[in-house]
Amino acid sequence: MKVQITDTPITDTPEQTNQGPELSTAEGRSVFIKSYGCQMNVYDAERMEDVLAPFGFAKTDNAAEADLIILNTCHIREKADDKVFSDVGRYVKGSKKTPLIAVGGCMGQAMGRKVMQRAPNVNIVFGPQTYHRLPEFIARSGWERGFRKRVLDTDFPSLEKFDSLPKQGLRGPSAFVTIQEGCDKFCTYCVVPYTRGVELSRPVKHVLDEIKHLAENGAKEVCLLGQNVNAYHGIGESGEEWNLARLVRAVAKIDGIELIRFTTSHPSELDNELINLFAEEPKLMPYFHLPVQSGSDRILVEMNRTHTADDYLNAIDLLRMARPDIAISGDFIVGFPGETDEDFEATMELVREVNYSSAYSFMYSPRPNTPAAEMKNQVPQDVKKERLARLQELLTQQQGDFNKSFVGKTLSVLVESTGREPGQIRGRTPHNIAVNMMGNERLIGQQIRVNITHATASSLLGEIELEEVA
Ligand code: SAH
Ligand code: SF4
Ligand code: F3S
């Protein structure tokens with residue numbers, strides 16, 4: 001194990017150097033966690049809470065009161081990094097205590113020591129693969145004895161983390177479960193292979209046991225997570241590899257699980273078995289997030305995406321043949337080095353052809369140590385901005401049209417939480433659109449029938465069918 005204690009302690013005494021890695025289990029401690037980035041970080045943050053709970057740390061939503069503040073960071077675009085440094089300053093300033101500040105997640109992994117150098121207030125830095133060791137890091141910092149030694153751990157202990165995590169606590173009727181970590185696709189713009197490591201699938205039994213435990217505690221929906229979730233290849237109990245389709249079928253057999261989703265998929269990993277599952281498995285929801293990044297084959301080659309625009313469009317056709325109402329979502333990067341007006345128009349054309357239900361689109365952000373950042377023909381910022389605005393206008397219009405198509409229809413909705421306005425409850429439709437409606441909180445965790453009355457580009461408004469209210 002490579003825990004390093006840096007040489008720049010804020011407070012230090014010789015005896016502290018010998019402190020063992022055991023954290024006591026005192027009551028009344030609190031932890032505030034802020035997550036940036038993707039859903040895998042959301043899952044990791046929940047698991048950090050699970051790791052810390054036996055040591056007396058209760059979750060708080062109020063950073064000012066917290067004894068421990070964890071920033072669970074993202075490194076995907078430059079903006080994400082900058083935000084973390086300004087947030088560290090803000091939390092330190094706003095705190096009523098002298099909290100221990102920890103930076104975890106992908107930026108912690110990628111920047112490690114640099115985070116320590118740039119932010120002297122940060123006490124602990126770790127990556128996405130070592131958060132199961134948080135209690136040890138806290139102990140090593142000397143915090144319980146009033147010290148602040150600085151601890152850095154950016155080790156890659158493969159799947160050790162999952163073996164040592166406690167059972168997952170349930171936060172609501174819908175749960176994330178990471179089934180696969182890391183990525184070895186090495187798209188030329190992307191930091192994920194460097195921050196999360198090589199692609200690894202969790203063994204089938206681990207995944208199924210975790211979901212059974214969640215279901216026993218009330219989970220109704222599960223969303224299986226991975227950077228390339230459809231490349232899942234976990235080992236089954238008799239030693240053979242399972243693909244995602246087989247795993248989804250097994251999850252569907254777990255008592256209590258009513259709805260299944262997964263994200264994010266890669267177009268080059270899509271097989272017919274998975275596509276056909278959308279026709280065969282009623283618990284699998286009709287929503288598919290399939291990033292394409294660009295509609296230009298030339299740019300896709302430069303990005304090292306390993307698929308063409310036509311491969312992608314064919315995959316969408318097959319998905320729609322299997323499940324005609326399937327909602328398609330995607331990710332786009334505009335202004336990749338060398339992207340011409342013509343390349344960009346090819347992206348717009350692809351978007352028109354697919355007709356998305358939702359999408360995420362970004363200006364290309366050069367990332368340290370990635371091949372694309374070194375490419376000579378970087379696109380000027382104002383061109384990127386203008387292209388992004390045009391793309392987003394089209395995507396927003398498609399999303400609005402998609403949402404409007406449900407007005408007047410009755411949909412099945414799993415109620416997940418209270419809603420935006422007082423008296424409202426909130427859930428998602430099978431096509432993954434947020435819907436708010438007036439209703440009693442006791443409906444949280446139930447699937448109800450909802451008449452859709454209004455739609456915007458981002459959400460729906462509905463009324464509960466009368467017999468459910470009684
Ligand atoms: N594994 C997934 C998504 C990973 S990151 C996939 O391959 O599709 C999420 C999204 O962030 C990507 O789909 C991409 O659209 C965007 N992204 C990644 N690196 C980026 C960069 N350097 N600049 C801008 N957007 C980026
Ligand atoms: Fe990044 Fe590409 Fe891997 Fe997705 S597939 S995580 S974009 S390297
Ligand atoms: Fe960001 Fe890491 Fe996710 S870089 S998008 S938090 S995998």
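Using modelled amide H (1.01 Å from N, peptide plane; none on Pro or chain starts), what sits under 5 Å from the amide H of Phe176, excluding residues fewer than 5 places away?
Long-range HN contacts for Phe176: Cys223.
At a Cα cut-off below 18 Å, give the lysines reachable from Lys79, other chains included and same-chain residues fewer than 8 away excluded.
Lys34, Lys114, Lys384, Lys385
Treating the beta-carbon of each Lys and Arg as +1 and of each Asp and Glu as -1, no other charges, what is the dipole magnitude of segment 45-136 about its Cα centre, to the nearest 20 debye? Please report the intermediate quantities before stating the final value.
Working: 13 positive and 11 negative charges, 73 e Å.
It comes to approximately 340 debye.
Taking a probe of 1.4 Å, how large is the accessible area per residue of the chain, in Å²?
Details: 20000 Å² over 470 residues.
That works out to 43 Å² per residue.
Specify which residue in the list Ser164, Leu270, Ile33 is farthest towards the positive end of the charge dipole of the chain, using unit charges on the beta carbon of Lys, Arg (+1) and Asp, Glu (-1), about the Cα centre.
Ile33
When a/c reaches 1.5 or more, the comparison of a/b and b/c decides; with that in mind, is segment 235-352 rounded, prolate or oblate per its Cα gyration tensor? Each step should come with its number before you reach the end.
Details: a/c = 2.81, a/b = 1.98, b/c = 1.42.
The shape class here is prolate.
So for the chain, taking the charge dipole from beta-carbon charges (+1 Lys/Arg, -1 Asp/Glu), which of Ile211, Gln117, Ala315 sits furthest toward the positive end?
So the residue we want is Gln117.
When the accessible area of segment 321-470 is split by element with a 1.4 Å probe, what percent falls to carbon and sulfur? All intermediate terms of the calculation are to be shown ahead of the outcome.
Working: 3790 of 7370 Å².
The C+S portion of the solvent-accessible surface of segment 321-470 is 51 percent.
So what does the Cα-only Debye profile of segment 410-469 read at q = 0.25 Å⁻¹, as log10 I(q)/I(0), no solvent term?
For segment 410-469 at q = 0.25 Å⁻¹, log10 I(q)/I(0) is -0.99.
Remind me, relative contact order of the chain in percent, using alpha carbon pairs under 8 angstrom and six or more residues apart? Before the final figure, lay out the partial values.
Values: 988 pairs, mean separation 47.2, N = 470.
After rounding, I find 10 percent.
In Å, the Kirkwood hydrodynamic radius of segment 286-405 over pairs of distinct alpha carbons? Before the final figure, lay out each step's value.
Values: mean 1/r = 0.0677 Å⁻¹.
Radius from the Kirkwood sum: 14.8 Å.
Determine the percent antiparallel among the DSSP beta bridges restricted to the chain, to the nearest 5. Each step should come with its number before you reach the end.
Working: 26 of 70 bridges.
Here the antiparallel bridges make up roughly 35 percent for the chain.
Against the 2.2 N^0.38 Å scaling, with N counting residues, where does the chain land? I'd like the Cα-based Rg ratio to two decimal places. Spell out each step's value before the answer.
Numbers: Rg = 23.1 Å, N = 470, 2.2 N^0.38 = 22.8 Å.
In units of the globular-protein estimate, the chain measures up at 1.01.
For segment 315-470, divide the Cα radius of gyration by the Kirkwood radius and give the resulting Rg/Rh value with two decimals. Let's see the in-between values first.
Values: Rg = 19.7 Å, Rh = 17.8 Å.
Across segment 315-470, the Cα-based Rg/Rh ratio is 1.11.
Summarise the accessible area of segment 25-162 (1.4 Å probe, protein heavy atoms) by the percent that is carbon and sulfur.
Values: 2510 of 5030 Å².
Within segment 25-162, the accessible surface is 50 percent carbon and sulfur.
Please name which of Ile299, Ala58, Asn440 has its Cα lying farthest along the dipole of the chain towards the positive end, using unit charges on Cβ (Lys, Arg +1; Asp, Glu -1) and the Cα centre as origin.
Ala58
Just want to confirm a number: the relative contact order over segment 167-256, from Cα pairs under 8 angstrom separated by 6+ residues, in percent.
35 percent.
Once you have a ≥ b ≥ c as the square roots of the Cα gyration tensor eigenvalues for segment 133-234, tell me rounded if a/c is under 1.5, and otherwise prolate or oblate according to whether a/b is larger than b/c.
Details: a/c = 2.38, a/b = 1.21, b/c = 1.96.
It comes out oblate by the Cα gyration axes.
Where nothing but the Cβ of Lys and Arg (+1) and of Asp and Glu (-1) is charged, how large is the charge dipole of the chain around its Cα centre, in debye to the nearest 20?
Numbers: 53 positive and 65 negative charges, 291 e Å.
Dipole magnitude for the chain comes out near 1400 debye.
Dipole magnitude of segment 286-405 about its Cα centre, charges +1 at Lys/Arg Cβ and -1 at Asp/Glu Cβ only, in debye to the nearest 20? Could you put the intermediate results ahead of the total?
Working: 12 positive and 19 negative charges, 82 e Å.
Here segment 286-405 has a charge dipole of around 400 debye.
To the nearest Å, what is the center-to-center distance of segment 127-153 and segment 380-419, using C-alpha atoms only?
Cα centroid of segment 127-153 versus Cα centroid of segment 380-419: 42 Å apart.
What is segment 33-184's relative contact order, in percent, from Cα pairs under 8 angstrom and six or more apart in sequence? Don't skip to the end; give the middle numbers.
Values: 234 pairs, mean separation 34.3, N = 152.
23 percent.
Which value, to two decimals, describes the C-alpha radius of gyration of segment 179-219 once divided by 2.2 N^0.38 Å? Kindly include the intermediate steps, with their values, before the conclusion.
Values: Rg = 14.3 Å, N = 41, 2.2 N^0.38 = 9.0 Å.
Here the Cα radius of gyration is 1.59 times the empirical estimate.
Can you run phi through the Karplus equation (6.51, -1.76, 1.60; θ = phi - 60°) for segment 282-296 and list ³J(HN,Hα) in whole Hz, with x for Gly and Pro?
So the J values, rounded to whole Hz, are x, 7, 7, 6, x, 9, 9, 9, 10, x, 10, 6, 8, x, 9.
Please figure out what share of the DSSP beta bridges in segment 3-153 is antiparallel and state it in percent, rounded to the nearest 5.
Restricted to segment 3-153, the bridges split so that about 15 percent are antiparallel.
Which lysines have a Cα less than 21 Å from the Cα of Lys212, not counting those fewer than 8 places away in the same chain?
Answer for Lys212, where 21 Å is the Cα cut-off: Lys161, Lys167, Lys220, Lys253, Lys283, listed by chain and number.
Report the net charge of residues surrounding Leu170, where surrounding means a beta-carbon distance below 13 angstrom and charges are Lys +1, Arg +1, Asp -1, Glu -1.
Working: positive: Arg47, Lys167, Arg171, Lys212, Lys220; negative: Glu46, Glu49, Asp50, Glu210, Glu216, Glu221, Glu416.
Every neighbour counted, the sum reads -2.
The values are calculated or read from the model by the stated rules, or taken from the named source; none is laboratory data. Every value quoted in this text rests on a predicted model; they were computed, and no experiment measured them. Backbone-built Cβ (ideal geometry, glycine too); neighbour counts: all protein chains shown. What goes into the accessible areas is simple: the full protein's heavy atoms, side chains included, and nothing from ligands, DNA or RNA. Shrake-Rupley method; radii C 1.70, N 1.55, O 1.52, S 1.80 Å.
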